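Q: Dropping a structure here in structure tokens format, bear with me for questions.
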Amino acid sequence: MDRGAKNDARSAPHGARRLLRTAALAALALVGAAPALAQAPAAPAGPVPLAVLGDSDSHAYQDSISFPPGSGDRGGPYRPRTFQWTEVLARLRAGVIDPGPWEINGQNRLVAALGELADLPGVRSPRKQDYRFNVATSGAGCEALTDGPHRQVQPLLQRMAQGDKARWRQGVVVIRIGLINMTQPGFLDALSRDPAAPAQQRVMTTCLSHVTRAVEMIRAAFPQTHIVLVGVFNEANDPLQFGSFQSRTAMDNIDRGLDRYDGGLRELAARTPHASFFDDRAWFRSVWGQRGADGKPAYRDLKIGDRLTVTLSVGNEPTHGLTGDDHWGLAANAKWAQAMSGHLASAGLPVRPIEDAEVQRFVEAQLR
């Protein structure tokens, strides 16, 4: 349902709203809304619970509902061995990091829209296959954190509240979102000319307000859970953009413009107890480097042991940094998971950083 239709329903007379609710409830009964999650048994203290809010950068690649076999998404024929960063962490730190059981949750778009109309609690998450505490969804913008039929924070908090809430005292919520909002047509082009472009700065301000509200909601329900705020990626470094922004001034302007968003996240983390900032652009530079002084691509390759050289290119084979549908590939996600494990350790969580040898063994195992 679009926002205008929702507002029209809210402003309808009381009797009309009652009829709308009744009709929506009947429709939900027909389509079969997914039942609420069963009460989970209390979990012993030990593994660090991991929750994720975000977009396609954090949506599990092995989700066979969103990415049916043969669809060509997230690695195409290589998808069974192409893993997203939470999937890498769950494998390399099994028993240490707990993203929840692998399961199917949520409702389809029609059910979510009808639930929104009927004011039904819990009818929010889109239907997908993922770890229980990963509510990141492909295509989600900053507004999806707290608003709309596919809002993320509210169902996540419901799931976190089930079972033993006390274990989230040493848990973590990673918020990685914003790329959808900051890659709209013309967004980077405007920043490349003026890092203080007013329309682009308003987009970032709006995103920051949604992230801030999400943090406040999490902090109110779970005061000691650590929150990681991930900075925005500079999409000008995407291989599909290599023919654009070919000057050092243009690239520097884009980075200065995006500093407004990352700076807001840094300030939010600094004033929020048990929170930290993860610099995604710094991670990118540490792995791939950057463009040259003339603004043209001068990125380095990523070496995984002696068997694999990964270029910053688009393609489904593991030799590419990004999959054919332009999402981080196996090696890049393994390196990102490694960096996040180190970040969690530096934040005081009982997580041993992933070592280079572990990354190599994991990636090479997928090449067989």
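Q: What does the highest-first list of 97-105, 286-294, 207-215 look like by mean Cβ count within 10 Å? Mind showing how you got there, number by number?
A: Details: 97-105: 17.2, 286-294: 14.7, 207-215: 20.1.
Going by the mean number of other Cβ atoms within 10 Å, highest first, we get 207-215, 97-105, 286-294.
Q: Restricting everything to alpha-carbon atoms, can you work out Rg to Rh for the stretch 213-368 with a Kirkwood hydrodynamic radius?
A: On the way: Rg = 17.4 Å, Rh = 17.2 Å.
Here the Rg-to-Rh quotient is 1.01.
Q: Report, to two decimal places, the Cα Rg of the stretch 33-365 normalised by 2.2 N^0.38 Å (N = number of residues).
A: Numbers: Rg = 19.4 Å, N = 333, 2.2 N^0.38 = 20.0 Å.
Normalised Cα radius of gyration, the stretch 33-365: 0.97.
Q: Provide the convex hull volume over Cα atoms per residue for the stretch 216-271, in Å³. Intermediate results must be reported in sequence, preceding the final value.
A: Numbers: hull volume 5.2 nm³, N = 56.
That works out to 93 Å³ per residue.
Q: What residues have an amide H closer than 5 Å to that of Val174, excluding those fewer than 5 places away on the same chain, when H is modeled at 1.01 Å from N in the peptide plane?
A: Residues meeting the criterion, in which the H sits 1.01 Å from N, are Ala51, Val52, Leu53, Val228.
Q: Also, I was wondering about something else. Subtract the Cα-Cα distance of Asp326 and Asp259 from 0.36 nm times their separation in residues, and report this length gain in nm to one decimal.
A: Details: separation 67, 0.36 × 67 = 24.12 nm, distance 2.38 nm.
Here the answer is 21.7 nm.
Just so you know, all these numbers are worked out from the coordinates, no wet-lab data involved. Only a predicted model underlies this, so the values are computations on that prediction, with no experimental measurement involved. Neighbour counts are summed over all protein chains in view; Cβ atoms, including those assigned to glycine, are modelled from backbone coordinates with ideal geometry.
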